[in-house]
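Written out below as structure tokens is the structure these notes cover.
The values are calculated or read from the model by the stated rules, or taken from the named source; none is laboratory data. Fair warning: this is a prediction, and the values are worked out from it, not measured in the lab. No Cβ is skipped: glycine too gets one built from the backbone with ideal geometry, and neighbour counts run over all protein chains shown.
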């Protein structure tokens with residue numbers, strides 16, 4: 001930079017570079033660069049770092065920059081016009097998704113290739129297959145691909161399905177590949193069995209052969225649904241012998257070096273169907289209306305040491321996965337249901353945080369420690385709520401104990417409301433099974449103040465953990481939640497506008513902006529739909545060693561500390577606290593710190609994998625529950641509009657299914673994306689998002705978890721009123737890809 005002449009007044013810092021200037025700098029740079037190099041090149045001041053960070057995030061979102069290493073970035077690489085790609089899954093329409101086989105190291109996440117449908121008579125591409133594809137760039141990090149030549153598979157692809165008379169019916173509703181099993185390759189499989197198979201060499205045309213490699217059980221078995229989900233999502237469900245041996249060798253923690261909390265009447269409050277208890281709470285009033293709150297968490301770090309077989313397996317799993325009939329735990333049962341479970345009246349090691357709040361719920365101080373505790377009682381949410389409402393205390397809880405917990409909760413709740421967080425009202429579905437393991441009912445899970453009490457205490461403890469690690473300059477595995485992207489925000493703005501709801505400009509949107517929108521529709525028929533739309537409009541929460549805050553909770557720093565039995569991120573936070581507070585020799589190792597970025601990415605993926613598997617299981621259980629109700633009609637609401645049909649959600653139990661285009665009246669249907677509607681060009685009929693309908697269940701398939709509905713003729717919408725414009729010609733015709741005109 002040029003130096004100013006003597007006596008010339010100092011100018012302010014230079015303006016931020018434009019996106020185009022930053023793109024040119026990245027393109028000309030050799031290798032990766034970070035914020036420091038960018039700030040130095042453009043002469044930016046320290047005060048401009050937050051704005052620079054936002055600019056870099058924007059470049060990443062639009063594909064103009066690619067992450068490189070822990071904190072660097074580079075110009076994005078472009079794919080050639082022809083490249084070998086590997087199929088890894090399918091989109092909601094069932095069309096293959098692929099990524100390039102060769103991608104430069106350090107160039108960030110490889111782009112996504114959306115493969116066009118195969119030629120008629122050609123078997124569909126399956127995950128693991130590789131093809132030489134013609135590529136067309138269609139947007140940030142996205143290409144359209146057309147198969148030029150199939151070049152085989154990267155490795156044996158596993159097919160999960162139900163064996164029926166020489167064929168395998170895939171359990172994935174989106175998988176279009178057809179598989180046959182030669183008699184000599186069925187490995188004893190019987191009709192109706194769930195099997196894992198792998199493809200065999202095949203000709204280009206005709207059904208594809210496969211070999212059965214494992215028989216998993218019968219489809220009509222009560223445990224089949226969760227079994228399918230475990231294998232479909234690739235969730236590890238068997239512990240290696242060395243990890244099991246380490247868990248079985250565990251013993252009680254020694255009291256040496258621990259604070260004695262056995263006299264504190266800590267209690268656990270969990271769901272009736274909880275399988276592990278890793279947090280306990282206590283509260284007591286203090287002078288001037290303040291509160292002392294103690295949160296004690298199972299000391300998993302004492303048993304799961306860095307580099308051990310238990311640690312390797314816990315990191316690989318990332319988290320526990322919960323199904324209606326079973327848990328796939330992160331840790332073996334000897335720990336998850338044994339030494340790391342805070343069972344009543346049994347001594348357990350713990351990490352604890354003691355917090356103090358004033359009458360308004362503002363934290364005035366906290367301290368962490370390592371202790372020895374004895375839970376005074378194991379309460380369910382329902383029992384805790386009943387005691388609070390009645391002003392009584394359960395056995396084991398001293399007089400006034402429940403009232404103190406409730407009082408502290410009310411103070412924290414007031415602080416939360418003042419902070420302005422995003423509170424979505426989406427009832428969680430609970431699958432109730434009978435003694436035989438079959439679905440007895442699907443009901444909304446109760447949402448009590450006792451649930452919120454525990455949530456508020458856990459959030460407060462998590463904030464303290466992040467603050468303590470920052471204060472002691474220790475590595476932290478943050479739980480981060482970014483602001484909604486500009487694209488998602490604009491789509492949500494348009495959707496909410498159809499209900500007369502407005503959002504502030506992009507730079508002024510806060511969590512309370514969405515809460516205000518939700519308050520407007522509270523109690524209205526479209527309440528659930530708007531809540532779901534707001535949820536989809538948010539960024540996904542993730543784990544990251546760099547802090548960007550938690551938008552949804554309106555918190556500047558946040559880390560998961562309270563569930564180390566079931567989340568590996570919490571275990572890492574425990575180890576960091578142990579190191580920073582000098583609480584033992586089993587803290588965070590240097591090698592762990594070095595791979596924090598990789599670990600963050602990995603456990604974010606495993607968390608999302610678990611969430612997808614759990615949702616998948618509930619959908620399949622719902623399909624099984626409704627299979628005997630085929631032909632019945634239900635009150636429903638349109639929850640999705642696509643070019644190949646509609647999606648409806650039942651008001652009674654939240655089950656969702658498709659209304660195929662072919663079941664609608666004969667017309668040429670156009671998807672009106674702006675109006676979120678499916679409109680008929682000739683009849684003027686129009687189906688809009690959120691519209692109330694009556695739907696008849698036509699099909700229910702527990703194998704795939706799919707439900708198919710037909711709309712009843714009596715509830716079809718009236719033709720458009722005079723003066724209401726028809727959809728613009730730019731709308732997407734439903735006779736195109738993924739849908740067809742009904743003849």
Exercise for the section: Examine segment 227-248 for a residue that is outside the structural domain of residue 409 (by TED's automatic domain parsing) and either in a strand (DSSP E or B) or at positive phi (or both), and state whether such a residue exists. Expected result: yes
Problem - Only listed residue being modelled with pLDDT of 75 or more, in a helix (DSSP H, G or I) and more than 29 Å from residue 484 (Cα to Cα), chosen from 40, 53 - result: 40
Completion exercise
The condition from (1) within 26 Å of residue 35 (Cβ to Cβ); (2) surrounded by 19 or more Cβ atoms within 10 Å (Cβ to Cβ) that residue 488 misses is numbered (2)
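Got at least one residue in segment 454-462 being out of contact with any helix residue (DSSP H, G or I) (no Cβ under 9 Å at 6 or more places or on another chain), touching a residue at least 60 places away in the same chain (Cβ under 8 Å), under 30 Å from residue 593 (Cβ atoms) and buried (at least 21 other Cβ atoms within 10 Å of the Cβ)?
Scanning segment 454-462 turns up at least one residue that is out of contact with any helix residue (DSSP H, G or I) (no Cβ under 9 Å at 6 or more places or on another chain), touching a residue at least 60 places away in the same chain (Cβ under 8 Å), under 30 Å from residue 593 (Cβ atoms) and buried (at least 21 other Cβ atoms within 10 Å of the Cβ).
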Exercise for the section: Determine which single condition residue 552 fails, assuming it passes every other condition in (1) without any contact (Cβ under 8 Å) to a residue 12 or more places away in the chain; (2) within 30 Å of residue 673 (Cα to Cα); (3) in a loop (DSSP other than H, G, I, E, B). Expected result: (1)
Fill in the blank from the handout: Counting only residues in segment 212-227 that are touching a helix residue (DSSP H, G or I) at 6+ places or on another chain (Cβ under 7 Å) and closer than 28 Å to residue 183 by Cα, the one modelled with the highest pLDDT is identified as 212
Handout entry: Qualifying residue in segment 645-660 (condition: surrounded by fewer than 20 Cβ atoms within 10 Å (Cβ to Cβ), more than 26 Å from the chain's Cα centre (by Cα), in contact (Cβ under 8 Å) with a residue 24 or more places away in the chain and not assigned by TED's automatic domain parsing to the domain that holds residue 530)
Key = yes
Problem - Single residue of 265, 201 found to be closer than 30 Å to residue 586 by Cα, part of a loop (DSSP other than H, G, I, E, B) and more than 30 Å from the chain's Cα centre (by Cα) - result: 265
Problem - Failed criterion for residue 569 (all others in (1) modelled with pLDDT of 95 or more; (2) more than 19 Å from the chain's Cα centre (by Cα) hold) - result: (2)
Problem - Any chance residue 602 is out of contact with any strand residue (DSSP E or B) (no Cβ under 7 Å at 6 or more places or on another chain), surrounded by fewer than 18 Cβ atoms within 10 Å (Cβ to Cβ), at positive phi and not assigned by TED's automatic domain parsing to the domain that holds residue 57 - result: no
Fill in the blank from the handout: Going through segment 295-322 in order, the residues found to be buried (at least 21 other Cβ atoms within 10 Å of the Cβ) and assigned to a strand (DSSP E or B) are 295, 296, 297, 298, 319, 321
Problem - Scan of segment 342-393 for residues that are surrounded by fewer than 22 Cβ atoms within 10 Å (Cβ to Cβ), assigned to a loop (DSSP other than H, G, I, E, B) and in contact (Cβ under 8 Å) with a residue 60 or more places away in the chain, ordered by number - result: 343, 358, 359
Handout entry: Candidate set: segment 497-511, residues that are surrounded by 11 or more Cβ atoms within 10 Å (Cβ to Cβ), outside any loop (DSSP other than H, G, I, E, B) and modelled with pLDDT under 90; chosen: the one nearest to the chain's Cα centre (by Cα)
Key = 506
Practice task
Considering every residue within segment 584-592, establish whether at least one is surrounded by fewer than 21 Cβ atoms within 10 Å (Cβ to Cβ), part of a helix (DSSP H, G or I) and out of contact with any helix residue (DSSP H, G or I) (no Cβ under 8 Å at 6 or more places or on another chain).
Solution key: yes
